[in-house]
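Take a look at the structure below.
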Amino acid sequence: MSLLRRYAKPIGVGLIVAGYLFAAYLFFVTAPMIGTFGFDAFAYWNVTMPDPYEIPHGSLGSYNYSPAFAQVADLFSAVDLWVFLWVWTCLLVGSVIYLAGSPGWILVAFGVPFVALELYHGNIHILLAVAIVLGFRHPWTWAFVLLTKPSSGIGLLWFVVRREWRPLAIALGATAVVVAVSFLLSPSTWFGWVELLIDGVGIAPASNNFMIPLWLRLPAAAALVIWGARTDRRWTVVVSAMLALPVLWFAAPAMLIGVLPDVREHRRRRQATERAEAEERARASRVA
């Protein structure tokens, strides 16, 4: 155990350096050579109403989220693609900084290969983590999760187990309001999305995904968040939502930086407890 502690820091530094080298390779070698930077983000810029699902699933520019998100994304094409990609990437970078919170953790977060992959492709996993973290104070942010990656809504079991009915009602109510407004604007698009979801059930995962079907991951995700709710471990909500993603591909673990706010809070509480105990011991020694 002492040997592990002795080499933990140099190993950690080595892994971070390796992560940054991987990120540099992605952005400065792969991007110019293959031209796949923003592969997923392109779908958000390219989406068009009233038929956002016209491009086959898995193809460049294919869109798989709800019509509500599509109706917003339809506005993105008002700017050039390169402008959108820069703004989108800045949003993701800002989200990483927000979740990491402190300079040390920010340095670590950007050295994680999963985060580099997420920034490179421009998916929404980091934004999902932000929505979940904010959801403890502002439950309406869960609408973003439910309207993009519905199965990740398994994290709402946190409120059910803890009998926190008000935040649960806000989360579901906000989602219902968005769905109602969106449906009134484009009913046929919603039927198209439901059809897309049904057709996607049972499709074998692609080679760049973790080969674990959703039906197997969902019970594990539910068990984890139920345990977390009973033991007051907020990080389990983020992890369970990640496990329950419709498609668990190699950049999906970028969501796990959403556990950092809970890690920081746990450390803050532990340090406060240690300070209080130290003060109590000092006070007792003075009295003695």
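Taking Cα atoms, how many degrees apart are the long axis of helix 260-287 and the longest axis of the chain, rounded to 10 and kept between 0 and 90?
Once rounded, one gets 10 degrees.
Please give the net charge around LEU85, taking every other residue with its beta carbon less than 15 angstrom from that of LEU85, where Lys and Arg add +1 and Asp and Glu add -1. Please report the intermediate quantities before stating the final value.
Details: positive: none; negative: ASP40, ASP80, GLU118.
Spelling it out: positives minus negatives among the neighbours equals -3.
Rounded to the nearest 500, what is the 222 nm mean residue ellipticity of the chain from helices alone, with -39500 (n - 2.57) per DSSP H run of 4+ residues and division by all residues? Write down the numbers at each step before the final one.
Working: 15 runs with 189 residues, N = 288.
Helices in the chain give a 222 nm mean residue ellipticity of -20500 deg cm²/dmol.
Considering the values (i) 1.02; (ii) 1.13; (iii) 0.94, which represents Cα Rg over 2.2 N^0.38 Å as calculated for the structure under consideration?
Evaluating Cα Rg over 2.2 N^0.38 Å on these atoms matches (ii).
Local charge sum around VAL47 (other residues, Cβ-Cβ under 13 Å, Lys/Arg +1, Asp/Glu -1)?
On the way: positive: none; negative: ASP40, ASP51, GLU54, ASP74.
Residues close to VAL47 contribute a combined charge of -4.
Sort the following peptides by mean Cβ neighbour count (other Cβ atoms within 10 Å, averaged over residues), highest first: 10-16, 94-100, 140-146, 165-171. It would help to have the intermediate numbers written out before the result.
Values: 10-16: 12.0, 94-100: 19.0, 140-146: 22.6, 165-171: 15.7.
Those peptides, ordered most packed to least, come out 140-146, 94-100, 165-171, 10-16.
For the chain, take the longest principal axis of its alpha carbons; what is the angle in degrees between that and the long axis of helix 125-134, to the nearest 10 within 0 to 90?
That helix lies at roughly 60 degrees to the long axis.
Once amide H atoms are built 1.01 Å from N in the peptide plane, which residues 5 or more positions from TRP249, or in another chain, come under 5 Å H to H?
Residues meeting the criterion, in which the H sits 1.01 Å from N, are PHE210.
May I ask for the net charge around LEU256, where only other residues with Cβ less than 12 Å from the Cβ of LEU256 are counted and Lys, Arg are +1 while Asp, Glu are -1? List each step's numbers first, then the result.
Values: positive: none; negative: GLU118, ASP262.
Net local charge, LEU256 excluded: -2.
What is the chain's relative contact order, in percent, from Cα pairs under 8 angstrom and six or more apart in sequence?
Numbers: 344 pairs, mean separation 58.7, N = 288.
In percent, rounded to a whole number, it is 20.
Please list, in order along the range 162-177, the HN-Hα scalar couplings obtained from phi with the Karplus expression 6.51 cos²θ - 1.76 cosθ + 1.60 (θ = phi - 60°), rounded to whole Hz, x for Gly and Pro.
8, 6, 8, 6, 5, x, 5, 5, 5, 4, 6, x, 4, 5, 4, 5
Bear in mind that the values in this text are calculations on the coordinates, not laboratory data. Treat the numbers as computed from the prediction; the structure is a model and nothing was measured. Here Cβ is always computed from backbone atoms with ideal geometry, including for glycine, and neighbour counts include all displayed protein chains.
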